[in-house]
Amino acid sequence: MNYFATSGKASRRAADCVIVGVYDRNRLAQGAAEIDAASNGAIMRHLKRGDASSQLGSCSVLTNIDGIRAPRVAVVGLGKISGFGASQFQRAMAAAMQAVARSKTKDVLNTLTLEPVNGASTYYLARHTARAVGDAMYRFTAMKSGRKAPAVALKSVGLAVASRSDSAKAMRGAEHGDAIAYGMSIARELGNLPANVCTPSYLARTAQKLARGDGKLQTRVMNEAEMKRLGMHSLLSVTAGTKEPAKLIIMQYKGKAGQKPVVLVGKGVTFDSGGISLKPGPGMDEMKFDMCGAAGVIGTMAAIARLKLPINLNVVVPAVENLPSGMATKPGDIVKSMSGQTIEILNTDAEGRLILCDALTYSRRFKPEIVIDVATLTGACVIALGHHRTGVMSTSDDLASEILEAGIRSEDRGWHLPLAEEYANQLKSNFADFANVGGRDGGAITAGCFLSKFADGLNWAHLDIAGTAWTSGKAKGATGRPVPMLTDLLLNRCGALP
């Protein structure tokens, strides 16, 4: 996408569409007021007739307004002016860009970047705009036959700024937002593909393809024999019931010599039937999304590599299928992890932690600055937090705060859940070092406690994205989260934020 910043009058721009906003009580935002004045009150007339609304997230496209060069004006409801913050801006931009994407608009001017948004600078308004553009332009067509939906026509987005001094900030925000949108599109595409296509081998090929032609990025793929030699018996226990071979995918981006890397570990269960502890049939199709942790960290790597950030980033993806068969792991089986600790597998549907624990142990060889694992780990996290916030757990309050702040800045928010010994006690086993489940109570937290047993001495955090990685219902599909949160964290760590 081509982005540019402009401080000229919106009414004089020859764009295909100009986006303007209206607050409650029909109070016009800056761009709307300028368009209204140039058109002898056309915006206010449409509002009074009910052709447009100030309700947050509403959008009406008005055409051929006298005195305005643009043939279309998208009027977006901004809601209450006193409560207009970054979240409301992002919601308004999403509505506007969805409307633009449905039209044949090739270039658009966004005047909402002129608004004094609570808690957001010009940089962030431009970044949120680019993310909204990416969301609106994404189409899943890979598995459609015959005539596919036409591609979105949009090619250019203008960002209105108050002065030329704001142009550099806007362009930097657009560059970062465009990279985040790119990473999200990769994560969404991988998540939306069916499990008979997006297998562990497919994930590995995708990671290898991303590294081609990039001198700073390398991908290595480890097979089951290599994992067995390393003692990854916990990981391999999950894949025992399927013919689809497991893969351990290691991506390494080297952007700054001599710096300890950040390591992101992504759960890559490309289909989770539950194994012998079989899941209920209804909704099982959505278990293709159980690799969205892997998709998220691969998407984050894609964003970082595109921006060529001065940071070292390693991504580790344990990729498996979890299916029942005569060879599958059984409830009560005990396995030895790569760390040497033994695990009693009481529930084969708690498999994500079994692959992540060996991946966490493997990540130690990189001598990382921090390690963050990302996983659609527990239904308990969905019950606790719903579909709005990602569960954040960490052995370091400072790291947890850093992640939560990145979530606030990126509008990809998390919520801090505790890790405490009283929860870890629920994992006690009579027959092994500990069990892989600790009962129904506090299930998201006990899962985090399990993983913490493999993160001793690491500056480590765990993100449970079970509620935020995809949506169900009519709009079913992967969301691309937590690419925005993780990318913002890394931008901040390498000093790239303004």
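Any read-out appearing in this document is the output of simple, stated calculations on the displayed coordinates, not a laboratory observation. Every value quoted in this text rests on a predicted model; they were computed, and no experiment measured them. Here the Cβ is made from the backbone with ideal geometry for all residues, glycine too, and neighbour counts use every protein chain on show.
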TODO: Could you work out how far the C-alpha centroid of the stretch 195-251 sits from that of the stretch 140-191, in angstrom?
DONE: 29
TODO: Quote the charge dipole size of the stretch 346-402 about the Cα centre in Debye, to the nearest 20; the model charges only the Cβ of Lys and Arg (+1) and of Asp and Glu (-1).
DONE: 120
TODO: Under a cut-off of 18 Å between alpha-carbon atoms, report the lysines in cross-link reach of Lys155, not counting same-chain residues fewer than 8 places apart.
DONE: Lys104, Lys106
Open item on the list: Can you give the log10 of the normalised intensity I(q)/I(0) at q = 0.16, 0.28 Å⁻¹, computed with Debye over equal Cα scatterers of the stretch 121-167?
Closed with: -0.59, -1.09
Open item on the list: Quick check: pseudo-label points 7 Å beyond the Cα along Cα→Cβ at Asn223 and Arg365, how many nm apart are they?
Closed with: 1.7
Open item on the list: Could you order the peptides 180-190, 296-306 from most to least packed, using the average number of other C-beta atoms within 10 Å per residue?
Closed with: 296-306, 180-190
- [ ] Using only Cα positions of the stretch 245-364, each an equal point scatterer, no hydration layer, compute I(q)/I(0) via Debye at q = 0.13, 0.15, 0.18 Å⁻¹ and quote the log10 values to two decimals.
- [x] -0.58, -0.73, -0.94
Task: Cα centroid of the stretch 335-380 to Cα centroid of the stretch 66-115, whole Å - done: 44
TODO: Please sort through the DSSP H helices of the chain and keep those with an alpha-carbon extent of at least 30 Å along the long axis and a Kyte-Doolittle average not below -1.0.
DONE: 167-192
Task: Peptide ranges 232-239, 360-367 listed from the most packed, as the mean C-beta count within 10 angstrom indicates - done: 232-239, 360-367
Task: Virtual spin-label span in nm between Asp214 and Asn196, 7 Å along Cα→Cβ - done: 3.1
Open item on the list: How much length would be gained if the chain were fully extended between Ser429 and Gln341, taking 0.36 nm per residue of separation minus their Cα-Cα distance, in nm to one decimal?
Closed with: 30.4 nm
Task: Cβ-Cβ FRET estimate between Thr471 and Ser165, R0 fixed at 45 Å, reported to 0.05 - done: 0.70
TODO: Would you list, by chain and number, the lysines whose Cα falls below 21 Å from the Cα of Lys80, excluding same-chain residues fewer than 8 positions away?
DONE: Lys48
Open item on the list: Relative contact order for the stretch 110-251: what percent, with Cα pairs under 8 Å and sequence separation of 6 or more?
Closed with: 25
Task: Full-stretch length increase - Ala37, Met284 - with 0.36 nm per residue and alpha-carbon distance subtracted - done: 83.4 nm
Open item on the list: Which residues among the stretch 451-486 fall inside the zone where the amide N is under 17 Å from a point 7 Å beyond the Cα of Asp397, along Cα→Cβ?
Closed with: 460-461
Task: Highest average packing first - 346-354, 402-410, 60-68, Cβ atoms within 10 Å - done: 346-354, 402-410, 60-68
Task: Dipole of the chain, positive end: most advanced residue of Gly386, Leu491, Tyr182 [Cβ charges, Cα centre] - done: Tyr182
TODO: Report the full-extension gain for the segment Arg49 to Ile81: residue separation times 0.36 nm, less the Cα-Cα distance, to one decimal in nm.
DONE: 9.4 nm
TODO: Could you compute the FRET efficiency for Ala151 and Asn2, with r as their C-beta to C-beta distance and R0 at 25 Å, rounded to 0.05?
DONE: 0.95
Task: Estimated distance in nm for a label pair at Gln259 and Arg440, the labels positioned 7 Å out from Cα along Cα-to-Cβ - done: 4.7
